[in-house]
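For reference, the structure discussed in these notes is given below.
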Amino acid sequence: MFLILIVVIVLVAWALHLMQEAVDRQEFSLMLAGFLVSSAAAGLVAVYLLINHSFAYMTDMERQYYLQQQAGRVHLESLPAQSFFGKTALKADL
C-alpha cells in the first residue's frame, strides 16, 4: 500500500512539474502530458481500490465458508455455482 502511495505522489508531483513547465514555456503538449500523467495516477488509485475491495470480498467468502464448514452445514448444494451467464445453477439449502 505504501509503495502505491509513493508512486501516486511521485506521479502527481511529476504532473505538476510538467504543467508548470507548460505554463512557463507556453506549450500545449507539456500541459497534455501533465494531464495524462495525473490521469495515470488517478487510474492507479482506482485500480488499487477495486482490487482491494475484491480481495476483501474473497477473504470474507473464504471466512464464511470456513465457519460454515466448522458448523457442519456445508454441502455441495450450498456452494454458489455460477453459470456462464451469471445465473445460479445450484440452489443453496441453508
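Quick notes
- With a simple spin-label model that places each label point 7 Å from the Cα along the Cα-to-Cβ direction, the separation between PHE35 and THR59 comes to 3.8 nm.
- Whole-number percent relative contact order across region 2-71, with pairs defined as alpha carbons under 8 Å at least 6 apart: 29
- Amide H within-cut-off set for GLU27, under 5 Å, with H built and near neighbours excluded: none
Every read-out reported here was derived from the displayed coordinates using simple, explicitly stated rules and does not represent laboratory data. All figures in this text were calculated on a predicted structure; none of them were measured in a lab. Cβ coordinates were reconstructed from backbone atoms using ideal geometry, including for glycine residues, and neighbour counts include every protein chain displayed.
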